[in-house]
1. I'm trying to understand the selection: among the residues of the range A:104-139, which are touching a residue at least 24 places away in the same chain (Cβ under 8 Å) and in a loop (DSSP other than H, G, I, E, B)?
2. Got at least one residue in the range A:85-94 being outside the structural domain of residue A:171 (by TED's automatic domain parsing), loosely packed, with under 14 Cβ neighbours inside 10 Å and part of a helix (DSSP H, G or I)?
3. Counting only residues that are touching a strand residue (DSSP E or B) at 6+ places or on another chain (Cβ under 9 Å) and closer than 21 Å to residue A:180 by Cα, which one in the range B:124-145 is surrounded by the most Cβ atoms within 10 Å (Cβ to Cβ)?
4. So which residues in the range B:127-141 are within 14 Å of chain A (Cβ to nearest Cβ) and either over 23 Å from residue B:165 (Cβ atoms) or of a type outside the set (Val, Ile, Thr) (or both), if there are any at all?
5. Assigned by TED's automatic domain parsing to the domain that holds residue A:111, closer than 15 Å to residue A:110 by Cβ, part of a helix (DSSP H, G or I) and among the small types (Gly, Ala, Ser) - does that describe any residue in the range A:29-47?
6. Hey, can you tell me all the residues within the range A:56-84 that are surrounded by fewer than 18 Cβ atoms within 10 Å (Cβ to Cβ), among the small types (Gly, Ala, Ser) and out of contact with any Leu (no Cβ under 7 Å at 6 or more places or on another chain)?
7. Considering B:101, B:144, B:150, B:157, which residue is outside any helix (DSSP H, G or I) and away from every other protein chain (no Cβ under 14 Å)?
8. Search the range B:180-204 for residues that are within 9 Å of chain A (Cβ to nearest Cβ) and free of Cβ contacts under 8 Å to residues at least 24 places away in the same chain and pair each with any residue that is of a type in the set (Lys, Arg) and assigned to a loop (DSSP other than H, G, I, E, B) when their beta-carbon atoms are under 7 Å apart and the residues are at least 6 apart or on different chains.
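The values are calculated or read from the model by the stated rules, or taken from the named source; none is laboratory data. Computed from a prediction, not measured in an experiment: that's the story for all the values here. Here Cβ is always computed from backbone atoms with ideal geometry, including for glycine, and neighbour counts include all displayed protein chains.
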2 protein chains.
Amino acid sequence: MGAELIDGRAFAARLRASVRDRVAEAAPRAGQAPGLAVVLVGHDPASEVYVRSKGKQALEAGMKSFEYRLPETTRAAELLDLIARLNDDAQVHGILVQLPLPAHLDPRAVINAIAPHKDVDGFHISNVGMVGTGQEAIVPCTPLGCMMMLRERHSDLRGRTALVIGHSNVVGKPMARLLLNADCTVMIAHKSSTNIPELARLADILVVAAGVPGLVRADWIKPGAR
Amino acid sequence: MGAELIDGRAFAARLRASVRDRVAEAAPRAGQAPGLAVVLVGHDPASEVYVRSKGKQALEAGMKSFEYRLPETTRAAELLDLIARLNDDAQVHGILVQLPLPAHLDPRAVINAIAPHKDVDGFHISNVGMVGTGQEAIVPCTPLGCMMMLRERHSDLRGRTALVIGHSNVVGKPMARLLLNADCTVMIAHKSSTNIPELARLADILVVAAGVPGLVRADWIKPGAR
């Protein structure tokens with residue numbers, strides 16, 4: 001069997017439709033639509049695009065979207081105060097603080113100020129720790145999406161060998177955690193690794209989260225891998 | 001170079017002597033010796049041995065040891081109340097709740113009730129999450145000891161390939177996290193894995209945390225591995 005490339009774009013369209021259906025079904029019962037608060041400090045151009053897209057997708061799914069745009073010079077106390085108010089706001093079910101933050105703000109302190117059950121990025125150390133001990137918790141979106149696509153292909157991931165290339169806190173490490181929780185044999189390689197081709201040839205599942213286009217070469221891929 | 005077996009017993013004796021020296025040096029400055037509280041619910045025979053040993057080692061290192069032995073029938077509220085008091089007790093710097101707990105007590109709720117900075121087992125989800133995002137935190141003792149022994153042999157672990165066999169929350173998973181934080185290429189195998197010999201032959205570092213004596217065979221070991 002040849003290796004299979006998964007069409008993420010089509011998968012995303014189906015997923016968005018399914019979220020819309022579930023919101024339409026759940027909102028009347030709950031008496032309100034889910035609300036997503038997105039906080040942007042400063043005006044990093046890529047962040048502007050992400051924030052706009054998150055607000056647009058929330059509305060298209062039938063959710064409420066609350067955008068908070070704060071100046072580059074915002075002090076930590078002001079940002080933490082806003083997060084505390086969003087934590088207490090019954091209309092807000094999810095809070096995203098767009099990263100990167102300006103250099104004078106500590107992203108760890110900010111993220112860990114979010115109530116863990118509203119931390120829809122899954123970056124709070126409580127959520128990381130829960131996933132890291134095999135519990136259900138909110139997990140970062142990119143690895144979660146990869147898991148959804150893999151599960152659509154494989155009814156059972158148990159015992160499959162997975163290689164994750166990249167060990168960021170945003171993609172690589174949470175991806176490895178989710179694959180391990182699914183009982184995969186997991187290999188994690190990164191920029192200090194010297195034997196990635198050798199590892200790739202063992203992999204049934206290959207997840208590249210390294211931000212280097214063309215990093216993986218065709219002859220590294222095991223036949224049948226996804 | 002042949003593979004090298006590390007003498008853990010000799011290492012432990014040196015480490016205990018060094019802890020004793022550091023306590024003797026730090027306690028007069030702090031105005032008090034460090035205090036370790038160990039909580040045992042019920043009378044699991046293996047747990048009795050561990051608790052006795054922890055108390056003995058604490059005293060030999062010049063620390064105070066506080067042992068709390070509660071009946072098998074202890075209710076969750078009583079145990080959580082004790083933990084709250086130990087969290088507030090200025091004489092107690094570390095709290096160990098011996099696992100396993102009797103079946104009617106939820107170990108996760110109990111462990112996560114310990115103040116993270118007194119969670120000397122490193123099982124609290126905040127400590128797991130901090131290590132899982134590359135931060136300094138309290139980590140479980142077995143993987144920490146393995147890292148200490150590895151670092152004594154290797155000035156730099158970066159880029160070395162490590163295989164961890166076993167994915168428990170107590171040893172395998174935290175071991176993999178520490179190796180990854182040291183920039184190793186990390187492979188995690190476990191009872192669902194089908195290709196452990198193949199992975200072992202790639203490993204510069206092999207950590208077996210599977211509780212199965214004789215699991216690893218000599219011909220799996222890469223020459224020079226530790």
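1. Residues satisfying the conditions are A:104, A:105, A:106, A:113, A:114, A:115, A:120, A:121, A:122, A:123, A:134, A:139.
2. yes
3. B:127
4. B:127, B:129, B:130, B:132, B:133, B:134, B:135, B:136, B:137, B:138, B:140
5. Within the range A:29-47, one or more residues are assigned by TED's automatic domain parsing to the domain that holds residue A:111, closer than 15 Å to residue A:110 by Cβ, part of a helix (DSSP H, G or I) and among the small types (Gly, Ala, Ser).
6. Correct list: A:62, A:77, A:84.
7. On the way: B:144 fails: outside any helix (DSSP H, G or I); B:150 fails: outside any helix (DSSP H, G or I); B:157 fails: away from every other protein chain (no Cβ under 14 Å).
Of the residues listed, the single one that is outside any helix (DSSP H, G or I) and away from every other protein chain (no Cβ under 14 Å) is B:101.
8. What qualifies is B:192/A:158.
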